[in-house]
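The values are calculated or read from the model by the stated rules, or taken from the named source; none is laboratory data. Since the structure is predicted, the reported quantities are computational estimates derived from the model, not experimental observations. Here the Cβ positions follow ideal geometry from the backbone for every residue, glycine too, while neighbour counts run over all protein chains shown.
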Amino acid sequence: MLDRRYHVQSRIAHGGMATVYLATDTRLERQVALKVMHAELARDADFVARFIGEAKSVARLSHPNIVQVFDQGSDGQFLYLSMEYVPGRTLRSLLRERGWLPWSEALEVMDPTLAGLSAAHQAGIVHRDVKPENVLLTADGRVKVVDFGLARAQAATGNTRSGLIIGTVAYIAPEQVTGGVTDSRTDVYAAGVMLWEMLSARQPHSGESPLAVAYKHVNEEVPPVSAYVGGIPPALDQLVRAATSRDPRQRPPDAGAFLHAVRALRGTGDESDAITGAWADPGPGYGGAGAVAAIGMGSPGGPVSPAGGSHTMVVGGGNGYDAAPAGYGHGPAYEGAPYDGEVTFGGHEPFLQRWLFTRRLAYLVGALVVVLGLVFGGWWLTSGRYSPVPSVDGLTLTAATRELHQAGFEVQRGPQVTDNAVAKGDVISMSPSGRAVHGATIVLTVSAGPKMITVPPVTGQDLQGAVALLRKAGLTVSDTAKNVAADGVTIGTVTGTTPAAGTSWPATRTVYVDVVAGIPLPNLVGQNIGTIQGWAGSNNIQLNVVQVDSNQPQGIIVSQSPGQGTPVAPGQSTVTVNVSNGPPPVSIPGDLQGQPFDQVQQELQQLGFQVDGRQIGPGQKVVAVSPSGQAPSGSTVTVYYGF
């Protein structure tokens, strides 16, 4: 139990700063992930401040693609965060298994990752450690960003301290190495490197040491991913190059802009948003107008019409209008006349020319209107009338309703469903999902919490039978029994369960079988060793006696192991007791006779003795001291005075 609230069950992950455990919040009856700082780092004020800063930063965020922080606290030397438990695995684990991802699947992972980072950037928070290890993938397809341990408020983000590099070197932005300003574009760089790695199964920069890799981030551009992988769309290649540019000004300004470009590539967003939101303001030497512009234009390049110069338009010739009828027009007077700016039609009069031209232009405009109408109608029927539905799985009903209303949808609460993996009141699923018609009603299925089961009585059963009976009832049972102490009960007897029989208990929470392991060990501290040896002999308990120096009287027990109440088995258990040797002896000065009584009294008290002064005459001079030589510290010394 941590902080008398969290029942720790198993270790999930171990890192350089903290260890993450799976635990049960016994107060709210839900599974959580406990991030516990290493004890040696808890003594470092900077690490503690960063650790607590993570809790404060992420607690302000509420987004389906960010792991939620519930609580922060300490228990003795243990400093911890209580976070949302996300069953699944990391993107790093997926990449180890598959090596690389097709570009469509890579963008499917990037979309929710950037959505989470965009929410953080909008809140003014920079993650500063984006990498595959910090992207969690659930079995049902959700993606969540975790570990804001290096996050800082953007308003407080400035130059990095000299000599200190924050982040993971394979994904570190050049400005993090050189001590420049780190902001949302730093996360964009790391996300771009992560996308590069997903597409190519390797990291863009490598070296013999972390310093060598950091040097390459600062001095070398990330190569085009198309140089290593075939079949990459040119627009995607341009986007990755822009996101991993060494110059922050050439990158998307934040994760939101990056997300717009990704959705434009996937065909799930408004491509015009990506184009108008282009960050393309290229500096000298930047070859291109920005990846987003490339997305809007298709493949870069293409023919360009020359500007200026003369253009000659020849209409007619061989179309039956080469000669004018008799008596019509100007006849030979116009033969060989210079071009005067009019478009001529085989010698016909300008009126006829303009009429034909207007008629043809009307046909062209009409055809263009029909084509545009068909294009717009097709777009409206297949895409235009639809809006993306935000994913609200795992949110509370209130939070999910608020987010869907903000996106322009109506909300209807569906039936509650028992779910052992989703907390009571949280959304399990939604219908429809993905995208829906503007203003459509989204039906939310809400968790009724885990199945509750009444713990059956198992008293009197053997351990194996008790475990089988509890599991048959549908409960989660620990394979390890809980040892309890009891007088007059045979060792190995099942006395009940924790929690007790009759308790309504979640099917997902662990039940322990209580088994008698011995008699309860009494409190031995303060008792005489002789008395306790008699007790141990009568109960067949082995005593391990250790002599220690103590201010307690000789023969008094000053400590014991195990502690009071621990079950000890006759003939099997050994109890260690530390027994006092008595106070250490202290030398009594031998030159006290003839000195004033007040002075002798003060000197003996400073040595730790009690002083018993006895006057035997009218004077104040010391006559004798008893005892002499040495006496135990704290004992009484009698001083006789009076001449």
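Looking at the stretch 98-114 only, could you name the residues that are outside any helix (DSSP H, G or I), surrounded by fewer than 19 Cβ atoms within 10 Å (Cβ to Cβ), of a type outside the set (Gly, Ala, Ser) and within 24 Å of the chain's Cα centre (by Cα)? Give the steps one after another, and end with the answer.
Filtering the stretch 98-114 for residues outside any helix (DSSP H, G or I) gives 99-102.
The next check asks that each one be surrounded by fewer than 19 Cβ atoms within 10 Å (Cβ to Cβ); those that pass are 99-100, 102.
Within this subset, residues satisfying the condition of being of a type outside the set (Gly, Ala, Ser) are 100, 102.
Scanning the stretch 98-114 gives a single hit, TRP100.
With respect to ASP591, is the statement that it is surrounded by fewer than 13 Cβ atoms within 10 Å (Cβ to Cβ) and modelled with pLDDT of 90 or more true?
Working: surrounded by fewer than 13 Cβ atoms within 10 Å (Cβ to Cβ): yes; modelled with pLDDT of 90 or more: no.
So ASP591 does not fit the description; no.
What tally of residues in the stretch 500-522 results from selecting those that are touching a residue at least 40 places away in the same chain (Cβ under 8 Å) and either farther than 16 Å from ALA569 by Cα or touching a Leu at 6+ places or on another chain (Cβ under 7 Å) (or both)?
Residues of the stretch 500-522 touching a residue at least 40 places away in the same chain (Cβ under 8 Å): 500-511, 513, 515-522.
Now restrict to residues that are either farther than 16 Å from ALA569 by Cα or touching a Leu at 6+ places or on another chain (Cβ under 7 Å) (or both): 500-511, 513, 515.
The number of residues fulfilling the criteria is 14.
What is the number of the single condition among (1) touching a Pro at 6+ places or on another chain (Cβ under 9 Å); (2) of a type outside the set (Ser, Thr, Tyr); (3) over 19 Å from PRO627 (Cβ atoms); (4) not in a loop (DSSP other than H, G, I, E, B) that VAL558 does not meet?
Going through (1) touching a Pro at 6+ places or on another chain (Cβ under 9 Å); (2) of a type outside the set (Ser, Thr, Tyr); (3) over 19 Å from PRO627 (Cβ atoms); (4) not in a loop (DSSP other than H, G, I, E, B) one by one, VAL558 breaks only (1).
Can THR178 be described as at pLDDT below 95 and buried (at least 18 other Cβ atoms within 10 Å of the Cβ)?
In short, no.
What are the pairs with Cβ atoms under 8 angstrom where one residue, in the stretch 121-138, is in the same structural domain as GLY16 (by TED's automatic domain parsing) and the other, located anywhere, is of a type in the set (Val, Ile, Thr)? Sequence gap at least six, or different chains.
none
Regarding the stretch 505-513, can at least one residue be identified that is more than 30 Å from THR566 (Cα to Cα) and either more than 31 Å from the chain's Cα centre (by Cα) or basic (Lys, Arg) (or both)? It would help to see each step written out before you state the result.
Initially, the stretch 505-513 is screened for residues more than 30 Å from THR566 (Cα to Cα), giving none.
No, because not a single residue in the stretch 505-513 is more than 30 Å from THR566 (Cα to Cα) and either more than 31 Å from the chain's Cα centre (by Cα) or basic (Lys, Arg) (or both).
Would you confirm whether any residue within the stretch 101-110 is more than 21 Å from THR401 (Cα to Cα), assigned by TED's automatic domain parsing to the domain that holds ALA257 and among the aromatic types (Phe, Trp, Tyr)?
Going through the stretch 101-110, the residues more than 21 Å from THR401 (Cα to Cα) turn out to be 101-110.
After this cut, where a residue has to be assigned by TED's automatic domain parsing to the domain that holds ALA257 as well, the list is 101-110.
The next check asks that each one be among the aromatic types (Phe, Trp, Tyr); those that pass are 103.
The answer is yes, given that some residue of the stretch 101-110 is more than 21 Å from THR401 (Cα to Cα), assigned by TED's automatic domain parsing to the domain that holds ALA257 and among the aromatic types (Phe, Trp, Tyr).
Look through LYS482, LYS472, LYS424 and report the one residue that is closer than 30 Å to SER573 by Cα and not polar (S, T, N, Q). Steps first, answer last, please.
Details: LYS472 fails: closer than 30 Å to SER573 by Cα; LYS424 fails: closer than 30 Å to SER573 by Cα.
Going through LYS482, LYS472, LYS424 in turn, the sole match is LYS482.
Of everything in the stretch 497-509, what is surrounded by 16 or more Cβ atoms within 10 Å (Cβ to Cβ) and either charged (D, E, K, R) or modelled with pLDDT of 90 or more (or both)? Give them in sequence order.
Passing the criteria: THR497, ARG509.
Would you check which residues across the stretch 115-145 are under 12 Å from the mean Cα position of the chain (by Cα), under 16 Å from GLY394 (Cα atoms) and either modelled with pLDDT under 90 or among the small types (Gly, Ala, Ser) (or both) and list them?
GLY116
Is there any pair linking a residue in the stretch 48-75 that is farther than 22 Å from VAL392 by Cα and outside the structural domain of ASN134 (by TED's automatic domain parsing) to one that is crowded, with 17+ Cβ neighbours inside 10 Å and β-branched (Val, Ile, Thr), with Cβ under 6 Å and at least six apart or on different chains, and which?
Short answer, once both residue conditions are applied: ALA55/VAL69.
How many of the residues making up the stretch 594-643 are farther than 22 Å from ASP549 by Cα, of a type in the set (S, T, N, Q) and free of Cβ contacts under 8 Å to residues at least 40 places away in the same chain?
8
Take the conditions under 34 Å from the mean Cα position of the chain (by Cα), surrounded by 15 or more Cβ atoms within 10 Å (Cβ to Cβ), within 30 Å of SER391 (Cβ to Cβ) and not acidic (Asp, Glu) and apply them to GLY425. Does it pass? Steps first, please.
Numbers: under 34 Å from the mean Cα position of the chain (by Cα): yes; surrounded by 15 or more Cβ atoms within 10 Å (Cβ to Cβ): no; within 30 Å of SER391 (Cβ to Cβ): yes; not acidic (Asp, Glu): yes.
Taking the combined requirement at face value, the residue does not satisfy it.
Six or more apart or on different chains, Cβ atoms under 8 Å: show the pairs whose first residue is in the stretch 204-215 and more than 10 Å from VAL177 (Cα to Cα) and whose second is among the acidic types (Asp, Glu) and assigned to a helix (DSSP H, G or I).
That search, which allows pairs on different chains as well, returns PRO204/GLU197.
Okay, residues lined up against (1) part of a helix (DSSP H, G or I); (2) at positive phi; (3) outside the structural domain of LEU117 (by TED's automatic domain parsing); (4) of a type outside the set (A, V, I, L, M, F, W, C):
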{"site": "ALA191", "(1), (2), (3), (4)": "yes, no, no, no"}
{"site": "TRP196", "(1), (2), (3), (4)": "yes, no, no, no"}
{"site": "ALA214", "(1), (2), (3), (4)": "yes, no, no, no"}
{"site": "VAL218", "(1), (2), (3), (4)": "yes, no, no, no"}
{"site": "GLY231", "(1), (2), (3), (4)": "no, yes, no, yes"}
{"site": "SER245", "(1), (2), (3), (4)": "no, no, no, yes"}
{"site": "LEU259", "(1), (2), (3), (4)": "yes, no, no, no"}
{"site": "LEU265", "(1), (2), (3), (4)": "yes, no, no, no"}
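Just a yes or no: is a residue in the stretch 521-537 touching a Ser or Thr at 6+ places or on another chain (Cβ under 6 Å), surrounded by 18 or more Cβ atoms within 10 Å (Cβ to Cβ) and either in a strand (DSSP E or B) or at pLDDT 90 or above (or both)?
There is no residue in the stretch 521-537 that is touching a Ser or Thr at 6+ places or on another chain (Cβ under 6 Å), surrounded by 18 or more Cβ atoms within 10 Å (Cβ to Cβ) and either in a strand (DSSP E or B) or at pLDDT 90 or above (or both).
Can you say whether ARG89 is outside any helix (DSSP H, G or I), touching a residue at least 40 places away in the same chain (Cβ under 8 Å) and within 27 Å of VAL229 (Cβ to Cβ), as far as the supplied structure shows? Break it down stepwise before answering.
On the way: outside any helix (DSSP H, G or I): yes; touching a residue at least 40 places away in the same chain (Cβ under 8 Å): yes; within 27 Å of VAL229 (Cβ to Cβ): yes.
Answer is yes for this residue.
Does at least one position in the stretch 450-462 carry a residue that is farther than 26 Å from THR510 by Cβ, touching a Leu at 6+ places or on another chain (Cβ under 6 Å) and either surrounded by fewer than 16 Cβ atoms within 10 Å (Cβ to Cβ) or touching a residue at least 24 places away in the same chain (Cβ under 8 Å) (or both)?
Step one: filter the stretch 450-462 for residues farther than 26 Å from THR510 by Cβ, giving none.
No: the stretch 450-462 contains no residue that is farther than 26 Å from THR510 by Cβ, touching a Leu at 6+ places or on another chain (Cβ under 6 Å) and either surrounded by fewer than 16 Cβ atoms within 10 Å (Cβ to Cβ) or touching a residue at least 24 places away in the same chain (Cβ under 8 Å) (or both).
Out of GLY434, GLY394, I need the residue that is modelled with pLDDT under 85 and either surrounded by 20 or more Cβ atoms within 10 Å (Cβ to Cβ) or in the same structural domain as ARG263 (by TED's automatic domain parsing) (or both). Which one? Write out each step before concluding.
Working: GLY434 fails: either surrounded by 20 or more Cβ atoms within 10 Å (Cβ to Cβ) or in the same structural domain as ARG263 (by TED's automatic domain parsing) (or both).
Answer to the check: GLY394.
Against the condition in contact with a helix residue (DSSP H, G or I) (Cβ under 8 Å, 6 or more places away or on another chain), polar (S, T, N, Q) and either surrounded by 15 or more Cβ atoms within 10 Å (Cβ to Cβ) or more than 15 Å from ILE12 (Cα to Cα) (or both), how does SER74 come out, does it pass? Full working, then the answer.
Details: in contact with a helix residue (DSSP H, G or I) (Cβ under 8 Å, 6 or more places away or on another chain): no; polar (S, T, N, Q): yes; either surrounded by 15 or more Cβ atoms within 10 Å (Cβ to Cβ) or more than 15 Å from ILE12 (Cα to Cα) (or both): yes.
Judged against the criteria, SER74 is not a match.
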